[in-house]
Amino acid sequence: MHNIRTDHLKNDENDEFKLVSLLIKGDKTAFSKLYEHYSPTLLHKLNRLLPDEEHVLEIHQIAFVRLWDMRAKIIPEKGVWSLLHTIARNLTIDYFRQSATDEAVRKALLTQATLYYELDEANDTLEQLSDELSKAIEKLPPKRREIFLLCKFQGKSYEEAAKIHEVSVGTVKDHMAKAMRFLKQELGTKLFMLLMTLLGLLN
């Protein structure tokens with residue numbers, strides 16, 4: 001077996017590249033070292049999503065078994081985490097899909113799990129993402145921005161916003177539709193949906 005130091009694996013991309021290259025060839029020692037490195041991170045993520053330790057450990061184990069089985073699909077330059085992360089995400093979503101009997105609960109759990117993983121993949125905090133939304137909102141025309149903030153952040157109905165601005169409800173609806181369309185274009189559909197859902201602004 002090859003002997004590669006992994007003491008500083010987190011800070012040494014060259015070491016990980018070598019380990020991943022060996023893993024692809026079926027080197028079990030390399031797999032063990034990568035397991036030791038990424039196991040705590042994956043356990044932490046699963047503990048935040050799953051209801052009990054039994055399912056956390058089960059999905060954790062299955063994820064690494066599948067990583068081994070799918071090792072030929074790993075791209076050395078991207079490392080192990082990308083594939084392991086995807087495997088664990090799919091296993092978690094499958095768990096919620098199968099375990100929830102109530103459709104509304106199932107959808108809520110699936111949304112929570114999916115958004116958590118999407119947010120993690122973006123490598124940003126909700127605060128940072130919210131700041132991006134605020135900057136995009138500032139680009140709206142003044143009246144459209146005011147109507148959007150009234151309806152989405154202050155909880156005003158379209159009728160109430162119409163009275164405040166002395167316009168018709170139809171005009172408010174038009175401003176809201178155009179504001180949502182602009183923000184989706186400005187932020188990108190994926191980030192827009194993520195932010196609006198996390199902030200409870202989608203409806």
| query | Too long at a 29 Å Cα-Cα cut-off: which of K78/K139; K135/K163; K45/K152; K33/K73; K45/K139; K73/K184? | reply | K78/K139; K45/K152; K45/K139; K73/K184
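Just subtract the alpha-carbon distance of I24 and A72 from 0.36 nm times their residue separation and send over the number in nm, one decimal.
Residue separation times 0.36 nm, minus the Cα-Cα distance, leaves 16.8 nm.
None of the figures in this text is laboratory data; all of them are computed from the coordinates on show. Keep in mind that this is a model prediction, so the values were computed, not measured.
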